[in-house]
Amino acid sequence: MKRLVAQELTLSFVPDPEQRLWRTVMRTKYQLTCNRVQLQNRLEALLEEAHIKLSSLVSDLLGASARRMLKAIADGETDAAALAALADQKLRATQEQLCDALGACTELNSVYRRLIKMVLEDLESIEKRIYQLEQEMADLLRPHQDQVERLAEVPGLGVGSAQQIIAEVGATAATFPSEDHLSSWVGACPGDEESAEVNSNRRSPKGNRHMRRILNQAANAAVKHKGSVFEILYRRYVPRMGHNQTIGVIAHKLCRLIWKILHQAARYEERGPAVSKTSKQKRTQKMIRELRKLGYRVELTTSQSPIPA
């Protein structure tokens, strides 16, 4: 009690009711996304058991072409050529390859067809709920559209990731007086157990597991962004530190960027040596499509207060 009165204790971060609602929506959406991945894995295992090798020829088992073929299989189609004809012309696999992969459908047990149909129905139900939650979150964060846009401009992040970050740390990260405080709260910084100026523990502390997951995913995506500063840093550090520790370094840098973007209302600007005007335009167009899909109104304006990469 004496330490509390003397202000020697750091109180836990308790979000306000509005932010707690944001967290509930985004964490529910994340759980549904995990359920969707589990269903996709179950579907792939079911097809393998039925000797249908479709997943080896399509990049996305839940893409438009694969879904048309799977629905036809569930509805009782037995002709492999007719199933292969449902594929999009842009699909790299040839008709002969598809016919060979779908050859088992001619004698497919009806139980497998019903199981495939059940999985597809469950997937449609989950995807409908995910879409509803996306629209709900877009409505809740409409007053903070500018923060969503500025976060989505960072390589490795997108509109969905930006919404998750705002739900976890707040629209302006006002609880955290500096980027170091935010990094420490997230757990995206190395340990500081030092003795004789030697750090004996580089393991990151436990923090907000949801933010750590978002940052790790964003870091893995950012290092694949051609020509970005994150790709350069990754190539520089990975021979000495290995993949996991390098991703931790990138996640730490992203966390500090996030604080500056939210707390200081700054805007990210990529200045990597290999970033072209065309690549910037493509990324901007993609972000605008995502925002408009969620119902945001986007107007192109000149960037202000850029953060150099």
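Throughout, read-outs are computed from the coordinates displayed, never taken from laboratory work. Note that the coordinates shown come from a computational prediction; the quantities given were computed from them, not determined experimentally.
General remarks:
- Cα Rg over Rh - region 17-138, Kirkwood: 1.09
- In Hz, Karplus ³J(HN,Hα) per residue of region 151-161 (6.51, -1.76, 1.60; θ = phi - 60°; x = Gly, Pro): 5, 5, 6, 6, x, x, 9, x, 5, x, 5
- Degrees separating the helix 243-263 axis from the principal Cα axis of the chain, which is the longest one: 70
- Once the Cα gyration tensor of region 15-71 is diagonalised, semi-axes √(5λ) in Å: 35, 11, 7
- Using alpha-carbon coordinates, inclination of helix 64-74 to the longest axis of the chain, degrees: 50
- Nearest-ten-degree value, helix 229-241 long axis tilted from longest Cα axis of the chain: 90
- Calculated from the structure at hand, mean projected area of the Cα convex hull in nm² is found among [x] 21.8; [y] 20.2; [z] 25.5 as [x].
- For residue 268, nonlocal amide neighbours, meaning residues 5 or more places apart or on other chains whose placed amide H falls under 5 Å from its own, are 307.
- Based on DSSP H segments of at least four residues, each scored -39500 (n - 2.57), the chain has a per-residue ellipticity at 222 nm of -19000 deg cm²/dmol.
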